[in-house]
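> Below are the structure tokens for one structure; questions will follow.
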Amino acid sequence: MIKAILVFNNHGKARLTKFYVHYPEDLQQQIVRETYHLVSKRDDNVCNFLEGGTLIGGADYKLIYRHYATLYFVFCVDSSESELGILDLIQVFVETLDKCFENVCELDLIFHVDKVHYILSELCMGGMVLETNMSEILTRVDEQNKLEKQEAGISTAPQRAVSTLKEMNIPQRIKDIKLPDLPSIGNLKF
Amino acid sequence: MPAVKGDGMRGLAVFISDIRNCKSKEAEVKRINKELANIRSKFKGDKTLDGYQKKKYVCKLLFIFLLGHDIDFGHMEAVNLLSSNKYTEKQIGYLFISVLVGGTSDLMKLVIQSIKNDLVSRNPVHVNLAMQCIANIGSREMAEAFGGEIPKLLVSGDTIDSVKQSAALCLLKLVRRSPDLVPMADWASRVIHLLNDQHMGVVTAAVSLIETLAKKNSDDYKGCVSLAVSRLSRIVTSSYTDLQDYTYYFVPAPWLSVKLLHLLQYYPAPEDATVRNRLTECLETILNKAQEPPKSKKVQHSNAKNAVLFEAINLIIHMDCDANLLVRACNQLGQFLQHRETNLRYLALESMCLLATSEFSHDAVKKHQETVITALKTERDVSVRQRAVDLLYAMCDRSNAEEIVLEMLAYLETADYSIREEMVLKVAILAEKYAVDYTWYVDTILNLIRIAGDYVSEEVWYRVIQIVINRDDVQGYAAKTVFEALQAPACHENMVKVGGYILGEFGNLIAGDPRSSPMVQFQLLHSKFHLCSVATRQLLLSTYIKFVNLFPEIKPQIQQVLQNENHLRNADVELQQRAVEYLQLSTVASTDVLATVLEEMPPFPERESSILAKLKKKQPGKLKETMEPREVKVSSNHTDTTHTAVAEPHPPPQPTSAIDLLGLSSPTQPSNSVPNSTPGGTGLLIDVLGDLSGESSTDVPSSVQKTVTPTPGFGSVLATDHFSKFVCKNNGVIFETDLLQIGVKAEFRQNLGRLGLFYGNKTAFAFTSFLPSVETPGCLESQLNIQVKPMDAAIESGAQKQQMVNIECISDFIEVPVLHIQFMYSGVLQRVQLRLPVMVNKFIEATEMDMATFFQRWKMLSQPDQESQKIFKAKNSMDGEQIKTKLIGFGLSVLQNVDPNPENFVCAGIMHTKMAQVGCLMRLEPNKQAQMYRLTLRTSKGSVSQRLCELMETQL
């Protein structure tokens, strides 16, 4: 079972936290800090698994993580999950984000926390893998987007017509999240 | 292609940018507080907010929460959003609730009502949202509300695939949290058949659910094995073309394959030949595919392929029956050991650990020893090195122990701090387990202390002392070696402890050599004295008093040290007390008394190594098999001879001596938090030193043979009687308060028993009018004949008095005799009442019988009232050795080779009473997966069966 999914950047700022086991809020923060501490000091080419921190379960739990440019994606899982399977799941998650946000970067995660949660909830539910087929996931996300557009209706249209992001003074718009080897969807259907 | 961004909420984006532009933490907090105030006033304001606004504010709160600030409002608004007709509003409401609302919130009733409405919605997206919320929170209230509905949704033919998927996982959560509220028995066969579902996503979710259900009730879900095998077969052998989009980087449905292979690990290898062949074929295909050239150079391809491969290997190891597959698996892992991917090396080491415990593949694993040692030395990643240590430990046997221990010691000098303590424990265990020659063992442990003294825990040095004391062939060597080690200019305090203890006991064995004459030994030890902690100094004082007995010629020098003002007025009570008492003892007592009091320590009772217990505690999650290096059956004869020589220090633990001499809580009774420093194996002398108080827990192995040494500070306020601990053992402390400690030592033969009760006065004042009496409640009076011997009515401060109780068992009984004690303590009458550990099983004597006799007798006792059976959850460890110890302690013999299933225990004994003898047969079937036992007792008398069954249940 997956106990928690944490995404934070190179400085330890949380960008997504999802706990499938309830922890009090302050403990959640501590877990993020501890995990960041464990993961960030590791070199990039060592293995992607390590024994869990003390706060989140001890020896029976493993942290399985990937580091993409500015972001760490960490899954905390128990011994019943396949390590490599989870590693692939992280890849699927990131590839899905990349498709949804058209070249995802850290800022997308910051400004669209809600969307990221929705995408994640199509992959995992209650700590178990729900769906792994990316085209299936994308279809469902698409359905939701359509619903959202319908509901947005005409009333808010003028507002939205103004490109919100342009007006705002966002300093570093970094598009540097590098995904290893992204194939297009078409390649997947073999 | 969905593009989710673009039409965001402007206010939210502005707020986030503001935060990001904050130059300092203070500015950020200020901005956040301003926003929180704003949102709060908006929520409280008269103007009704529309859905869009509510949604925007809730999103802001989520963002603030993510930054690490507590959110204490907005919950009600989120709940309101749930009942909105707009999907986007509903969605954000659910998101807020699953992130910020725990299962115990007051709002849960409202949330549940909203979920109820959404579950029956015609829009599947709404249904899914509701189920996600249930799966995230999964409280008992939710299980009560939905435990009946969701199974229907899952198996109904009308439900669409995506809803089925969610329903399976939603149910899984409820079953895990509140199994009692989700009756799944009726659904078993329909749930199993989801394995045949068209949609691969549904199958993946269903396998997870079935796995959890099978764990709880494996019989009901047995049917899933053949379905899982055939589904797996269709995927891996690719006769199945309808993989939809579930091919991931050229690997067909890797997640589903992994899940199926994992599910099969909850069951033994299939019995049905067809199913079994099909499974073997699958596993072979997976192994074959690993040898094929990769279809893609992408790391995702090899990851997915290997995920399946590793799970297949785990299944092969779990079935542990096909030597061919096991060896192939081992070779495959061997290849991975040298792979350039660190992940694969890590996993290969981990899986090989399991393989090393199988008799079929143990030798194959050993071939890779060199590679593993190289990994230990050269891997850059500490996680991988840790796995290498684990594997070396698991693959160690008699043939390679010396080399492995040597390598581990060498590595220890540079090892990472994080794994040193565990490595020390492992080296200590291996050295003990595989020592052919105990001088090697002593050398190894002393090296261990020299190299990694700080990481050598108490257990390790206690253990080396136990072994040296119990084996006289090594005592001289140990004294000599430890003496030499102490000559190093800087030696670790643990070395001083071991040295002090061993020289105090066996210094005389090397005193003949002028280089280690008594005076030299004493001066050497005393030169370390001032560098040591108080606990070690206490121990050294005991060594000195032992020297007084061993070497009368240096008594004046020792008395001089004891007389030192620093000791006689030491701030540490224990140190002071020892100095005063030892000084007094050395001046007052005659040589005969000295020789008796300071006699060599008697051998320690054999028991499971406390080091092993410590290691197990450090790694609770690990499999038992990998923890304990397993005695692998080797057929060649030459090892058998060494085996008997070395098996000696590990005889099956004797129940009567299972008391923890060193005051470490015994591993067989994890619940026992009060260390029992109970009388040693030899008779129970009255404590000559009158030193009943102030014994600190750190120096329990004090060389002076103290008798009862209670440890105040440990639960001293609670007056608990430890009755149930005495079902399987006869000696120990049965009662303890601040005032009084009562120890018991019991012996039983046939229908007679003798109980020694030892009353220790822990206070500074005498007890007077001390009057114990024994009551036999109910009909017990006619069943037991109890004779209480008289004793003195006064117990001096710090003294211990003994009382004998004789017991004759007339007929079998159920009640328990009660001991009443009353006494005066500083003018106040005190009363104590406790149950005496006299149970019907104490009068059982073990008998041996062969399989035929056992089953013949078993069948003879087949009347319904002769049998008593209980099925219950394990309360303690299910480790086979521990269970065995308990059964033997219970009074029964554990019969070998009688039950076809080696996991089960069958036992026999005869109960002696004056009226009759009752034959007792027992069968205990542990189910480790479910953590359950089935216990069956058959005796010629129904009431006995029932009572024995009850008693035994309390011990498991």
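The values are calculated or read from the model by the stated rules, or taken from the named source; none is laboratory data. On a predicted model such as this, the values are computed, not experimentally measured, just so you know. Using ideal geometry, Cβ is built from the backbone for each residue, glycine included, and neighbour counts are taken over all protein chains shown. The area values use the complete protein model at the heavy-atom level, side chains included, leaving out ligands, DNA and RNA. Shrake-Rupley method; radii C 1.70, N 1.55, O 1.52, S 1.80 Å.
> Taking only the range B:292-345 into account, find how many residues are part of a helix (DSSP H, G or I) and in contact with a Phe, Trp or Tyr (Cβ under 6 Å, 6 or more places away or on another chain).
Keep residues of the range B:292-345 that are part of a helix (DSSP H, G or I), which gives B:299-319, B:323-337, B:342-345.
Next cut, in contact with a Phe, Trp or Tyr (Cβ under 6 Å, 6 or more places away or on another chain) only: B:300-301, B:304, B:323, B:326, B:344.
Qualifying residue count, the range B:292-345: 6.
> Now, a different point. Can you tell me which residue in the range A:64-106 is farthest from the chain's Cα centre (by Cα), limited to those that are within 10 Å of chain B (Cβ to nearest Cβ) and in a strand (DSSP E or B)?
Pass one, the range A:64-106, residues within 10 Å of chain B (Cβ to nearest Cβ): A:64, A:78-89, A:91-92, A:95-97, A:99-102, A:104.
The next check asks that each one be in a strand (DSSP E or B); those that pass are A:64, A:78.
Working: A:I64: 13, A:D78: 19 Å.
This residue is A:D78.
> Only residues in the range B:23-52 that are within 14 Å of chain A (Cβ to nearest Cβ) count as the first member; pair them with residues that are open to solvent by less than 80 Å² (accessible area, probe 1.4 Å) and among the small types (G, A, S), Cβ under 6 angstrom, at least 6 apart or cross-chain, and list the lot.
That search, which allows pairs on different chains as well, returns B:G51/B:S84.
> Another one. Do we find a residue being farther than 27 Å from B:G942 by Cα, out of contact with any Lys or Arg (no Cβ under 6 Å at 6 or more places or on another chain), surrounded by 17 or more Cβ atoms within 10 Å (Cβ to Cβ) and not small (G, A, S) anywhere in the range B:772-779? Talk me through it step by step, then tell me what you get.
Here is the first cut: in the range B:772-779, the residues farther than 27 Å from B:G942 by Cα are B:772-774.
Next cut, out of contact with any Lys or Arg (no Cβ under 6 Å at 6 or more places or on another chain) only: B:772-774.
This time we only want the ones that are surrounded by 17 or more Cβ atoms within 10 Å (Cβ to Cβ), so: B:772, B:774.
Right, trim to not small (G, A, S) and you get B:772, B:774.
Yes, there is a match, as at least one residue in the range B:772-779 is farther than 27 Å from B:G942 by Cα, out of contact with any Lys or Arg (no Cβ under 6 Å at 6 or more places or on another chain), surrounded by 17 or more Cβ atoms within 10 Å (Cβ to Cβ) and not small (G, A, S).
> In addition: Please find, within the range A:69-96, the residue that is most open to solvent (accessible area, probe 1.4 Å) out of those that are of a type in the set (S, T, Y) and over 22 Å from B:A253 (Cβ atoms). Explain how you work it out, then say what you get.
Our first condition is that a residue be of a type in the set (S, T, Y); within the range A:69-96, this holds for A:70, A:72, A:79-80, A:82, A:96.
Now restrict to residues that are over 22 Å from B:A253 (Cβ atoms): A:70, A:72, A:79.
Numbers: A:T70: 26, A:Y72: 15, A:S79: 82 Å².
In this case the residue turns out to be A:S79.
> Which of the residues that make up the range A:121-135 are part of a helix (DSSP H, G or I), within 7 Å of chain B (Cβ to nearest Cβ) and surrounded by 21 or more Cβ atoms within 10 Å (Cβ to Cβ)? It would help to see each step written out before you state the result.
Filtering the range A:121-135 down to residues part of a helix (DSSP H, G or I) leaves A:121-123, A:134-135.
Right, trim to within 7 Å of chain B (Cβ to nearest Cβ) and you get A:121, A:135.
Passing the criteria: only A:S121.
> Another question, then. When only residues in the range B:591-629 that are open to solvent by 80 Å² or more (accessible area, probe 1.4 Å) and in a loop (DSSP other than H, G, I, E, B) count, which is modelled with the lowest pLDDT?
The selected residue is B:L623.
> Would you mind telling me which numbered condition in (1) open to solvent by 20 Å² or more (accessible area, probe 1.4 Å); (2) touching a residue at least 24 places away in the same chain (Cβ under 8 Å); (3) within 14 Å of another protein chain (Cβ to nearest Cβ); (4) part of a helix (DSSP H, G or I) B:I64 fails?
If we test B:I64 against (1) open to solvent by 20 Å² or more (accessible area, probe 1.4 Å); (2) touching a residue at least 24 places away in the same chain (Cβ under 8 Å); (3) within 14 Å of another protein chain (Cβ to nearest Cβ); (4) part of a helix (DSSP H, G or I), just (1) comes out false.
> Here's another thing I want to ask about it. B:R947 - would you say it is surrounded by 14 or more Cβ atoms within 10 Å (Cβ to Cβ) and in contact with a strand residue (DSSP E or B) (Cβ under 6 Å, 6 or more places away or on another chain)?
No, not satisfied.
> Testing A:F111 on (1) more than 8 Å from chain B (Cβ to nearest Cβ); (2) among the aromatic types (F, W, Y); (3) open to solvent by 10 Å² or more (accessible area, probe 1.4 Å), one condition comes back false. Which one is that?
Failed condition: (1).
> Which residue is nearest to the other protein chains (Cβ to nearest Cβ), if the candidates are limited to the range B:194-219 and must be closer than 27 Å to B:K928 by Cβ and in contact with a Phe, Trp or Tyr (Cβ under 8 Å, 6 or more places away or on another chain)?
Going through the qualifying residues, I end up with B:E211.
For every residue, the table says whether it meets (1) without any contact (Cβ under 8 Å) to a residue 40 or more places away in the chain; (2) more than 35 Å from the chain's Cα centre (by Cα); (3) open to solvent by 10 Å² or more (accessible area, probe 1.4 Å).
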position: B:L448; (1), (2), (3): yes, no, no
position: B:D454; (1), (2), (3): yes, no, yes
position: B:V464; (1), (2), (3): yes, no, no
position: B:N470; (1), (2), (3): no, no, yes
position: B:G476; (1), (2), (3): yes, yes, yes
position: B:K480; (1), (2), (3): yes, yes, yes
position: B:L486; (1), (2), (3): no, yes, no
position: B:C491; (1), (2), (3): no, no, yes
position: B:G500; (1), (2), (3): no, no, no
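> Shifting gears a bit: Give the residues of the range B:138-155 that are open to solvent by 10 Å² or more (accessible area, probe 1.4 Å) and either farther than 17 Å from B:K173 by Cβ or assigned to a helix (DSSP H, G or I) (or both), sorted by residue number.
Of the range B:138-155, the ones open to solvent by 10 Å² or more (accessible area, probe 1.4 Å) are B:139-141, B:144-145, B:148-149, B:152-153, B:155.
If the condition is that a residue be open to solvent by 10 Å² or more (accessible area, probe 1.4 Å) and either farther than 17 Å from B:K173 by Cβ or assigned to a helix (DSSP H, G or I) (or both), then B:R140, B:E141, B:E144, B:A145, B:E149, B:K152, B:L153, B:V155 are the ones that fit.
> Still on this structure, please answer the following. Looking at A:C76, A:C100, A:C105 in this structure, which one is in contact with a Leu (Cβ under 6 Å, 6 or more places away or on another chain) and touching a residue at least 24 places away in the same chain (Cβ under 8 Å)?
Values: A:C100 fails: in contact with a Leu (Cβ under 6 Å, 6 or more places away or on another chain); A:C105 fails: in contact with a Leu (Cβ under 6 Å, 6 or more places away or on another chain).
It is A:C76.
> In addition: Filter the range B:67-111 down to the residues that are of a type in the set (S, T, Y) and more than 23 Å from B:L36 (Cβ to Cβ) and list them by number. Give the derivation first.
Residues of the range B:67-111 of a type in the set (S, T, Y): B:83-84, B:87-88, B:94, B:98, B:104-105.
Of everything in the range B:67-111, those that are of a type in the set (S, T, Y) and more than 23 Å from B:L36 (Cβ to Cβ) turn out to be B:S83, B:S84, B:Y87, B:T88, B:T104.
> Let me ask you something else. In this structure, does B:R398 turn out to be surrounded by fewer than 21 Cβ atoms within 10 Å (Cβ to Cβ) and in contact with a His (Cβ under 8 Å, 6 or more places away or on another chain)?
Answer is yes for this residue.
> So A:T54 fits all but one of (1) farther than 26 Å from B:H262 by Cβ; (2) of a type in the set (S, T, Y); (3) outside any loop (DSSP other than H, G, I, E, B); what number is the exception?
Checking A:T54 against (1) farther than 26 Å from B:H262 by Cβ; (2) of a type in the set (S, T, Y); (3) outside any loop (DSSP other than H, G, I, E, B), the one that fails is (3).
> Restricting attention to the range B:302-310, does a residue exist that is of a type in the set (D, E, K, R) and within 11 Å of another protein chain (Cβ to nearest Cβ)? Before you say what the answer is, go through the steps one by one.
First, the residues of the range B:302-310 that are of a type in the set (D, E, K, R): B:305.
If we keep only those that are within 11 Å of another protein chain (Cβ to nearest Cβ) too, we end up with B:305.
Yes, some residue in the range B:302-310 is of a type in the set (D, E, K, R) and within 11 Å of another protein chain (Cβ to nearest Cβ).
> Can I ask one more? So, in the range A:24-49, how many residues would count as being at the interface with chain B (Cβ under 9 Å from one of its Cβ atoms), open to solvent by 40 Å² or more (accessible area, probe 1.4 Å) and more than 27 Å from B:L100 (Cβ to Cβ)?
Residues meeting the conditions: 2.
> State the number of residues belonging to the range B:815-829 that are open to solvent by 50 Å² or more (accessible area, probe 1.4 Å), out of contact with any Asp or Glu (no Cβ under 9 Å at 6 or more places or on another chain) and of a type outside the set (G, A, S). Give the steps one after another, and end with the answer.
Taking the range B:815-829 as the starting set, the residues that turn out to be open to solvent by 50 Å² or more (accessible area, probe 1.4 Å) are B:815, B:820, B:822, B:824, B:826-829.
Narrowing further to those that are out of contact with any Asp or Glu (no Cβ under 9 Å at 6 or more places or on another chain): B:815, B:822, B:824, B:826-829.
After this cut, where a residue has to be of a type outside the set (G, A, S) as well, the list is B:815, B:822, B:824, B:828-829.
Qualifying residue count, the range B:815-829: 5.
For (1) in contact (Cβ under 8 Å) with a residue 40 or more places away in the chain; (2) more than 25 Å from B:Y455 (Cα to Cα); (3) touching a strand residue (DSSP E or B) at 6+ places or on another chain (Cβ under 7 Å), each residue gets a yes or a no:
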residue	(1), (2), (3)
B:N331	no, yes, no
B:R340	no, yes, no
B:H362	yes, yes, no
B:H368	no, yes, no
B:Y393	yes, no, no
B:D397	yes, no, no
B:E407	no, no, no
B:V427	no, no, no
B:Y434	yes, no, no
